[in-house]
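Below: one structure, written as structure tokens.
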Amino acid sequence: MDFEKLAELLFPSVDKTPEYYEELYRDRGLPEGARVTRFAPSPTGYLHIGGLFSCLISKLTADVSGGRFYLRIEDTDKKREIEDGVSGIIKGLSDFGIDVTEGVTGFDSEVGDYGPYTQSKRAPIYHCFAKMLVAQGLAYPCFCTAEELEAMRAEQEAEGVTPGYYGKYAKCRELSLEDIEEKIKAGVPYVIRLRSPGCEDGKITFDDMIKGKIEMPENIVDVVLLKTDGIPTYHFAHCVDDHLMRTTHVVRGDEWISSVPTHIQLFKACGFKVPKYAHIAPIMKLDEGGKRKLSKRKDPEAAVEFYSEQGFPKESVLEYLYTLANSNFEDWRRANPDAALSDFPFNLKKMSVSGALFDLVKMNDVSKNVICRKNADWVLERTLAWAKEYNPDFYALLDADREKARAILNIDRENPKPRKDIAKWADVPDYVAYFYDSLYRPDCTVLPEHIDKATAAAVLKKYKDVWNIADDKDTWFARIKDICEPLGFTPNVKEYKANPDAYKGHVGDVSTVIRVAITSRTNTPDLYEIMKILGEAEVNARLENTINALS
Ligand code: GLU
């Protein structure tokens, strides 16, 4: 058959050659070893934490090598597309600190020399390369209808053979040029298929950067390259794009491993260098004793919106994703508590082969460690931004007196052992509740059990008489110690432990009674600072109210 003629017949309007595109999208000229990677989501509008994770891994792979990372939108599967998909993905990435410096930057905007970076805008490029394959006899049109393909599938099922369009089942492989011309003239719809060179018991092996050496059966199926509407399949688009965008490492979810034989075959058929592959295992979750994939249906924490709604700062989410990425990250962090994440020597080879385990409790701990190291302005600014969107009443409360809010958030901060009370901004309303009348719920039932009500009331009466808002911290504490003995407590904890029956309690118990009277909690940040912020009148009122409630 005259393949050149067939190519002209199928693609009369393709006016560019592969050489043209090779010249247009030259080698990036990066230094030896620099990796070019991409994140290539379909714009479904839902950024899964797994997608964010893949994207991060892909970006880090490029960054640590001094390479290049770009964002490509794979919108060839129109059915899956939703309107705000692209903006949703870009917002999701930027909300979590992943800046895109090449590729799609917004709906209808992009930067970079290797675009367009949206597949639906690349039809002429795909058609050019499909034409090249047809001209070389490596691709052909297939006119089979959905019914014919269904019948083929049924036949294969009955025969118990591998399903797919191949070998004797690939009926259109053998059409003559005349047959094809006739069908095209009659307007019969067709797809373009690869003429797979694979053989039934052929094997391919490749070295996955994460999973190691993998051997799989060769692809024998004449996969579709262009659908009837001329839109490419993912397989073909990925191959053309990753080649022309000069991707060196394809980093993606491991659900694509089964497609690798097809992809390698396609790269080779096109005469392209096969990229290196790194397949990331999905993020897992412990459930009923077993491990399962984090699921967008069952787990709210699977959607990145969850982290925005809860108010996890992007620094915490990233920090946590690093712990999932490389198990040596936490040791590195302990050794370099103040280092920037970008200094971490990320290594693809240290990724989990079976899937890192997601743990929300751990995520909270990581986040507490991130937040406790920040100053009050940082915390306040982000709390306000979160509250403005997710808790307007709380926003109004803080905004009405930002100095007070800042002072509250500043307690026990910027010292060598900062408290770790806040994991996410949604924790802040409760954390600061006793500072605001509208949030405060007095409750003296949390008093330690071994201190009876009458004793507690006696402590508070005495304290109310002696405390002074003008005291410095030492004097403030000295006054609490001073009231111990007259009330039957000891200011000396050791003394109490040596002789517990001789006392009602020790200075810690006295402090607790005062703390509960003022905050209704047994554990708070520095009570001295709390009292300063609440002010003389409010502290006295709370002491008085508690005394009354206890009597
Ligand atoms: N568009 C594909 C997806 O969303 C990307 C796969 C790849 O990264 O090659 O899963």
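Only loop residues by DSSP count here, and only those with at most 13 other Cβ atoms within 10 Å; note down the trypsin sites (Lys or Arg not before Pro) in segment 193-226 that meet that. Answer in residue order: no site qualifies. Across all directions, the shadow cast by the convex hull of segment 227-274 built on its C-alpha atoms averages 3.7 square nanometres.
Taking the alpha carbon gyration tensor of segment 280-353, multiplying each eigenvalue by 5 and rooting it gives semi-axes of 24, 17, 10 Å, largest first. With viscosity 0.692 mPa s and temperature 37 °C, the Kirkwood radius over alpha carbon pairs of segment 434-521 converts through Stokes-Einstein to a diffusion coefficient of 240 µm²/s.
Pairs over the 27 Å Cα-Cα cut-off, from the set Lys293/Lys424; Lys374/Lys494; Lys203/Lys296; Lys349/Lys420: Lys374/Lys494; Lys203/Lys296; Lys349/Lys420.
Sorting 289-301, 48-60, 408-420 by their mean Cβ neighbour count within 10 Å, with the most densely packed peptide first, gives 48-60, 408-420, 289-301. Farthest towards the positive end of the charge dipole of the chain, among the residues Leu439, Gly271, Ile89, is the Cα of Leu439, using unit charges on the Cβ of Lys, Arg, Asp and Glu.
With both residues required to sit in segment 235-331, DSSP beta bridges show an antiparallel share near 45%. Beta bridges from DSSP with both residues in the chain: antiparallel share about 60 percent, rounded to the nearest 5.
Here the contact order of segment 147-254, divided by its residue count and restricted to Cα pairs under 8 Å and six or more residues apart, works out to 22 percent. Farthest toward the positive end of the dipole of the chain, out of Met152, Trp425, Val221, is the Cα of Trp425, where the dipole comes from beta carbon charges about the Cα centre. Principal axis analysis of the Cα atoms in segment 384-426 yields extents of 33, 21, 11 Å, listed in decreasing size.
When the P(r) is computed for segment 329-393, the part past 21 Å accounts for 46% of the Cα-Cα pairs. Here the alpha carbons of the chain define both size measures, Rg and Dmax, at 33.2, 112 Å. Using only Cα coordinates, the Kirkwood hydrodynamic radius of segment 358-413 works out to 12.2 Å. For Thr383, Thr101, the ranking by accessible surface with the largest value first comes to Thr101, Thr383, using a 1.4 Å probe. Summing Cβ point charges (Lys, Arg +1; Asp, Glu -1) relative to the Cα centre of segment 184-313 gives a dipole of roughly 280 debye.
A 1.4 Å probe run over the protein chains yields, for segment 483-551, 45 Å² of accessible area per residue, whole-number rounding. Dipole size of the chain about its Cα centre, with +1 on Lys/Arg Cβ and -1 on Asp/Glu Cβ: approximately 1080 debye, rounded to the nearest 20. By the compact-protein rule of thumb, 2.2 N^0.38 Å, the alpha-carbon radius of gyration of segment 423-473 corresponds to a ratio of 1.55. Reported to the nearest whole Å, the Cα centre-to-centre distance from segment 1-48 to segment 475-491 is 80.
Taken over the alpha carbons of segment 231-333 as equal point scatterers, the Debye sum produces base-10 log I(q)/I(0) values at 0.10, 0.15 Å⁻¹ of -0.45, -0.86.
When every Cα-Cα distance of segment 150-303 is counted in 5 angstrom steps from zero, the calculated P(r) takes the values 2, 8, 13, 15, 16, 14, 13, 10, 5, 2, 1, 1, 0 percent. Computed with the Debye formula from one identical point scatterer per Cα of segment 52-160, without solvent, the log10 of I(q)/I(0) at q = 0.15 Å⁻¹ comes to -0.84.
When the accessible area of segment 1-132 is split by element with a 1.4 Å probe, what percent falls to carbon and sulfur?
50
Segment 228-285 and segment 384-445 have Cα centres spaced 49 Å apart.
The angle between the Cα long axis of helix 85-95 and the main principal axis of the chain comes to about 40°, on a 0 to 90 degree scale. Calculated translational diffusion coefficient of segment 284-427 (37 °C, 0.692 mPa s; Stokes-Einstein with Kirkwood radius over alpha-carbon pairs) equals 196 µm²/s. Summarised as an ellipsoid, segment 14-79 has semi-axes of 25, 22, 5 Å, derived from the eigenvalues of the Cα gyration tensor scaled by 5 and square-rooted, with the largest first.
Taking the chain as a whole, the Cys residues whose C-beta sits 4.7 Å or farther from every other Cys C-beta are Cys55, Cys128, Cys144, Cys199, Cys239, Cys270, Cys372, Cys444, Cys484. Counting only Cα atoms, the size of segment 98-218 along its three principal axes is 52, 45, 27 Å, in decreasing order.
Of the GluC sites (Glu not before Pro) in segment 16-57, the ones in a loop by DSSP (not H, G, I, E or B) with at most 11 other beta carbons within 10 Å are Glu32.
The values are calculated or read from the model by the stated rules, or taken from the named source; none is laboratory data. For clarity, every value in this text was computed on a predicted model and none was experimentally measured. Neighbour counts are summed over all protein chains in view; Cβ atoms, including those assigned to glycine, are modelled from backbone coordinates with ideal geometry. We work out accessible area using only protein heavy atoms, side chains counted, and drop any ligands, DNA or RNA first. Shrake-Rupley method; radii C 1.70, N 1.55, O 1.52, S 1.80 Å.
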